[in-house]
Amino acid sequence: MNKNFVKSALLASMIAASGSLFAADNGLIAIITPSHDNPFFKAEADGAAAKAKELGYTTLVASHDDDVNKQNQLIETAIARKAKAIILDNAGADATVGPLEKAKAAGVPAFLIDREINKTGVAVAQIVSNNYQGAQLGAEKFVKLLDGKGKYVELLGRPSDTNAGVRSQGYHDVIDDYPDMKMVAQQTANWSQTEAFTRMEAILQTNPDIVGVISGNDTMALGAEAALKAAGKNNVIVVGFDGSDYTRDSILKKGNIKATVLQPGWQQAQMAVEQADYYLKNGKAQKDEKQLMDCVLIDETNASKLNLFNLSK
């Protein structure tokens, strides 16, 4: 038997198991995100699924784990299952264009969240956080916490992810204005807590006198914090990005992590489903394709209000 066929069949079976076993009146919405091991992506999937259920859709929830080939198989499965729409946090700004063009040709509209693709007119909506604005908020807080001086480290996200570069640029457009701030290491940890821990351990061997770490996301910030604690360095300041409950807890417990930047993942995902519902019922987009949502700084003043990537009032 063809191995590719077996793999596709198994993948389709796994996805099907995540959906409801009965058909809703409004049909099926496919929700595809990176790994749910990252709480931000799990919140996206949960938020989208909750809104879809509320609006009368069944859901097909799956993770591409930042594997382009797996993502493309999942999009193919959504097309084959005659999904009404796809909600997608994509695995690559360039590599995702072709598969979504195929979905569009098959009559399956796509609504993107968190990450953009490098082409317009393919997706109905691209709802993303204003990563540059958010990074500047985080960098301003980082500089203030360090009194504008000292040696620091930057942990970068996955190179293929546009957000990684945008956040880094936002950080440096603020920090580089302070000549007494010295970046002694800049390394990629691929959004991974484990990789961040390993990178931080190695960096501390050659740079034991650092005073700060600024991270492209909270997951890496947590890895850095764990390595710092293991080395007995409780005074090194860490700033993250995402707004996870884990970093909230560290802020409230006065750990190494002093601040993060909330990008409203839950809200974005729910908006995407609402816009998909509008599109399916009205035959046109509810809003412009490119939609930017401002981020919010989270520190000791408002961390207690943060829950599941949502800030209560």
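Could you state the accessible area per residue of the chain in Å², with a 1.4 Å probe and every protein chain left in place?
Roughly 45 Å² per residue, with all protein chains present.
Any chance you could check the Cα centroid distance between the stretch 64-104 and the stretch 164-230 for me, in angstrom?
Answer, in whole Å: 32.
In bins 5 Å wide, starting from 0, what share of all Cα pairs of the stretch 102-182 does each bin hold, as a percent?
3, 13, 20, 18, 13, 10, 8, 6, 5, 3, 2, 0
Assign one of three labels to the stretch 35-99, namely rounded, prolate or oblate, based on the Cα gyration tensor with a ≥ b ≥ c the square roots of its eigenvalues; rounded applies when a/c is under 1.5, prolate when it is not and a/b is larger than b/c, and oblate otherwise.
Because a/c hits 1.5 or more and a/b fails to exceed b/c, the stretch 35-99 counts as oblate.
Please list, short to long, the whole-number percent of alpha-carbon pairs of the stretch 137-251 in consecutive 10 angstrom bins beginning at zero.
15, 52, 31, 1
How much of the DSSP bridge set in the chain is antiparallel, in percent, rounded to the nearest 5?
10
Hey, what D do you get for the stretch 266-309 in µm²/s if you plug the Kirkwood alpha-carbon radius into Stokes-Einstein at 25 °C and 0.890 mPa s?
193
Which value, in debye to the nearest 20, describes the size of the charge dipole of the stretch 207-313 about its Cα centre when Lys and Arg Cβ atoms bear +1, Asp and Glu Cβ atoms bear -1, and nothing else is charged?
On the way: 12 positive and 13 negative charges, 34 e Å.
About 160 debye.
Find the percent of Cα-Cα distances in the chain that exceed 29 Å, and round it to a whole number.
Taking all Cα-Cα pairs of the chain, the fraction more than 29 Å apart is 38 percent.
So how tilted is helix 68-80 from the main axis of the chain? Cα-based, degrees 0 to 90, rounded to 10.
For 68-80 against the chain, the angle is about 30 degrees.
First measure r as the distance between the Cβ atoms of ASP180 and GLN205, then evaluate 1/(1 + (r/R0)^6) with R0 = 30 Å and state the FRET efficiency to the nearest 0.05.
It comes out at approximately 0.80.
Of the accessible area of the stretch 114-226, with the probe set at 1.4 angstrom, what percent is carbon plus sulfur? Don't skip to the answer; put the middle values down first.
Details: 2130 of 4460 Å².
Solvent-exposed carbon and sulfur of the stretch 114-226 make up 48 percent of the total.
Could you give the dipole magnitude of the chain about its Cα centre, charging the beta-carbon of Lys and Arg +1 and that of Asp and Glu -1, in debye to the nearest 20?
580
Compute, for the stretch 204-267, the length of the dipole vector about the Cα centre, with Cβ point charges of +1 (Lys, Arg) and -1 (Asp, Glu) only. Units Debye, rounded to 20.
Using only the charged Cβ atoms, the result is roughly 220 debye.
Once the dipole of the chain is set up with Lys and Arg at +1 and Asp and Glu at -1 on Cβ about the Cα centre, which of ALA221, ILE86, THR247 lies farthest towards its positive end?
ILE86
Per-residue ellipticity at 222 nm for the chain, helices alone: DSSP H runs ≥ 4 residues times -39500 (n - 2.57), over residue total, nearest 500 deg cm²/dmol?
So the calculated ellipticity at 222 nm is -14000 deg cm²/dmol.
Quick one: which residues, 5 or more positions from ILE31 or on another chain, have an amide H under 5 Å from its amide H? H modelled 1.01 Å from N in the peptide plane, none for Pro or chain starts.
LEU60, VAL61, ALA62, ILE87
For the residue pair THR301 and GLN133, what label-to-label distance in nm results when each label sits 7 Å from Cα along the Cα-to-beta-carbon direction?
Once both label points are built, they end up 1.8 nm from each other.
Considering amide H positions built from the backbone, and no H for Pro or chain starts, which residues 5 or more places from LEU308, or on another chain, come under 5 Å of its amide H?
Correct list: ASP245.
If you line up the long axis of helix 193-206 against the longest principal axis of the chain, both from Cα atoms, how many degrees apart are they, to the nearest 10?
The helix 193-206 is inclined about 20 degrees to the chain.
From the cross-link list LYS141/LYS233; LYS281/LYS313; LYS144/LYS313; LYS141/LYS287; LYS51/LYS287, which pairs have alpha carbons spaced over 23 Å apart? Intermediate values should be presented prior to the final figure.
Working: LYS141/LYS233 20 Å; LYS281/LYS313 32 Å; LYS144/LYS313 25 Å; LYS141/LYS287 33 Å; LYS51/LYS287 18 Å.
With Cα atoms farther than 23 Å apart: LYS281/LYS313; LYS144/LYS313; LYS141/LYS287.
Relative contact order, percent, of the chain when contacts are C-alpha pairs under 8 Å separated by at least 6 residues?
Result for the chain is 18 percent.
The values are calculated or read from the model by the stated rules, or taken from the named source; none is laboratory data. For clarity, every value in this text was computed on a predicted model and none was experimentally measured. Cβ: placed from backbone, ideal geometry, glycine included. Neighbour counts: every protein chain shown. The accessibility values were calculated without ligands, DNA or RNA, using every heavy atom of the protein model including side chains. Shrake-Rupley method; radii C 1.70, N 1.55, O 1.52, S 1.80 Å.
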